[in-house]
Amino acid sequence: MEKGMHGRNQNIEEILDSGKTVQISPQGYSMYPVILPGRDEVILRKEDPEKLKRGDVALYRRDGGILVIHRICRKDGAGFYMVGDNQTEVEGPLRPDQIRGRMVALVRKGKVIDVRSPFYRIPCSIWLLMRPVRRPVSLAAAAVKRFLKKHS
């Protein structure tokens, strides 16, 4: 497995195209709470876009832009519709040729979590269903966390 570095996007794509997996440290908070920068890494591999489905986390390249890791919230004849786990706005349709790879595992504190595991899949499926109400739920959870921290 190759270790990718943020900013070396061309190398990441070349590694995936060669058939190898790549482990990278995503930047930003768009995939929080599932992927936290500085704590988590993701393992990606090349995947036939036809095999991708709702709930999969994919690496894609925006037209003329950056590589992004987001979750597929739907797929239809027009393409893929993507959303970050910490977002409510859906991006798309994206063309299949924009898809570079699929997340096959999450690495948290050195432990590899297979994305096929029910311990990963079930909470992520529920979180995806909650997309329309994520913002108020996240704000309420943060308020409870602050309250508990203040009163403990």
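The values are calculated or read from the model by the stated rules, or taken from the named source; none is laboratory data. Only a predicted model underlies this, so the values are computations on that prediction, with no experimental measurement involved. With ideal geometry, Cβ positions are generated from the backbone for all residues, glycine too; neighbour counts draw on all protein chains shown. SASA here: full protein model, heavy atoms, side chains in, ligands and nucleic acids out. Shrake-Rupley method; radii C 1.70, N 1.55, O 1.52, S 1.80 Å.
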Set Val68, Val104: member being part of a strand (DSSP E or B) and closer than 23 Å to Met130 by Cβ = Val68
task = Considering only segment 63-93, state which residues are at pLDDT 95 or above, exposed (fewer than 12 other Cβ atoms within 10 Å of the Cβ) and among the charged types (D, E, K, R).
result = Asp76
remark   = Counting only residues that are open to solvent by 10 Å² or more (accessible area, probe 1.4 Å) and not in a loop (DSSP other than H, G, I, E, B), segment 41-62 contains a total of 7
task = Read through the list (1) modelled with pLDDT under 95; (2) exposed (fewer than 13 other Cβ atoms within 10 Å of the Cβ); (3) farther than 27 Å from Pro118 by Cα, then give the number of the only condition that Met1 fails.
result = (3)
key: Flag for Pro96 being more than 15 Å from the chain's Cα centre (by Cα) and either over 16 Å from Ile12 (Cβ atoms) or modelled with pLDDT under 95 (or both)   = yes
task = For residues that are in a helix (DSSP H, G or I) and open to solvent by 100 Å² or more (accessible area, probe 1.4 Å), scanning just segment 133-152, find the one that is farthest from Val90 (Cα to Cα).
result = Lys150
inquiry  = Taking the condition of being under 29 Å from Gly77 (Cα atoms), in contact with a Gly (Cβ under 9 Å, 6 or more places away or on another chain) and either polar (S, T, N, Q) or open to solvent by 40 Å² or more (accessible area, probe 1.4 Å) (or both), how many residues in segment 18-31 meet it?
reply    = 2
remark   = The number of residues in segment 126-152 that are under 20 Å from Glu41 (Cα atoms) and among the polar types (S, T, N, Q) is 0
ask   = Within segment 42-53, is there a residue that is within 16 Å of the chain's Cα centre (by Cα), modelled with pLDDT of 95 or more and closer than 28 Å to Pro136 by Cβ?
value = yes
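Which ones in segment 13-40 are out of contact with any Asp or Glu (no Cβ under 6 Å at 6 or more places or on another chain) and part of a strand (DSSP E or B)? Working first, answer last.
Residues of segment 13-40 that are out of contact with any Asp or Glu (no Cβ under 6 Å at 6 or more places or on another chain), as a first pass: 13-14, 16-19, 21, 24, 26-30, 32-33, 35-40.
Within segment 13-40, Ile24, Asp40 qualify.
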key: Qualifying positions in segment 100-134 - closer than 17 Å to Ile35 by Cα and basic (Lys, Arg)   = Arg102, Arg108, Lys109, Lys111, Arg116, Arg121, Arg131, Arg134
